[in-house]
């Protein structure tokens, strides 16, 4: 049973979220598999959707994302963001992703495991994302080309923002002061005086009028050259809706409604979006739908700007009832059958170049540094994240000149979540350092490197991209000549006298 579970965990399917490794030192990429294709050389490539971390976007967009998250938190009935500790808030930022519409192809051999990515649920506690391993969330869409952040249009509208305000029930005889133009309008009265047979007969007449109207219309004759095509178009919902609306407006009087169907100028022609669109517009819509899916705003913006959004949406749902849609669906199903549906994720056992090896019980070189780069006590520095001094394996982390390292647990956290477990000390509201003797205060302020209580350099963030800047150490040594003005002043008479101050000019006589 255990072997079966491990085999299932090692298989990535289409639509799964996975970790990709493109660099031995950088965090994993998080992608969603859209397709699995076999190349001519026999290798498997995955067409994936890109997700971005906070560290991958600009600082201005990070501020915009934080503002959006704050607004969502304020709208909640019981906000819990304030109850989180600094560590939880820090780690929660590592779980936030940004969806993009960007696709790329990556070798399947670079997959390092599976993860879970979900649209942020406003009704779910944010701590639930921290409690689950390899779990991420997103709420915004990032455009890497335009460098913009937008709210995801696929948002599930759950929460207090989307609840209807139910008004109080009116008392008997109480006037309704609501704006009647904004309320619903009754379009059909089920208990009308007409029988079902009479209504059906009127609808048949309406279809016949619609067929005759298409025969008289020149443009319709070109689009539907045969009689049965015109009759099929006249039997669509738009004709039936017009007929029933006509009946309702004339108080279900058949003679009055019939006179409206065929006015003095000729029969009324009702068209829906399927008839209004040309063949070229329909082809462009299918191309846009293949590229953007049901993102109708992008379809309108890039392909059909002269069409209204309402027109595009109506056409889409009518297009789904046509044979063209059925044929495309069958074709896609046949293509999907011929494509790969899953890929096995083998266990990756190759050594990482960032591993720190041990030579004769001593720490070997790290990031090109010499053997003496680490402190002698404890065999090296503490972990840059959790400050532990013991680990089964160490990994070099950050810029080579900093000589930082991570334990194996923090290294895996860095690879998966793109940050360090503990919040950066540089982000703390106040730094508290251990007291120093008064005699060494000036020297420690002027020349001592900035250090934490754990005797490691302070960092600015949990990413090497914004790593620390070190100060070059220097030695100021005074010579006898430079010490001379501080002890005496030589006057023109040749006699020495104590100086009035260290900044007074020095005069030297003959």
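Just the residues that are outside any strand (DSSP E or B), more than 20 Å from residue 349 (Cβ to Cβ) and modelled with pLDDT of 90 or more, please, taken from the range 28-62.
Within the range 28-62, 54, 55, 56, 57, 58, 59, 60, 61, 62 meet the criteria.
Kindly establish whether residue 129 is part of a helix (DSSP H, G or I) and over 30 Å from residue 245 (Cα atoms).
So residue 129 passes the test.
Filter the range 187-214 down to the residues that are in contact (Cβ under 8 Å) with a residue 12 or more places away in the chain and either surrounded by fewer than 10 Cβ atoms within 10 Å (Cβ to Cβ) or in a loop (DSSP other than H, G, I, E, B) (or both) and list them by number.
187, 188, 189, 192, 193, 194 - these are the residues of the range 187-214 that are in contact (Cβ under 8 Å) with a residue 12 or more places away in the chain and either surrounded by fewer than 10 Cβ atoms within 10 Å (Cβ to Cβ) or in a loop (DSSP other than H, G, I, E, B) (or both).
Can residue 387 be described as modelled with pLDDT of 85 or more and on the phi > 0 side of the Ramachandran plot?
The answer is yes for residue 387.
Filter the range 93-131 down to the residues that are closer than 20 Å to residue 420 by Cβ and at pLDDT below 90 and list them by number.
Of everything in the range 93-131, those that are closer than 20 Å to residue 420 by Cβ and at pLDDT below 90 turn out to be 126, 127, 129, 130, 131.
The values are calculated or read from the model by the stated rules, or taken from the named source; none is laboratory data. Everything numeric in this text was worked out from a predicted model, so none of it was measured. Cβ sites come from the backbone with ideal geometry, for glycine too, and all protein chains shown count toward neighbours.
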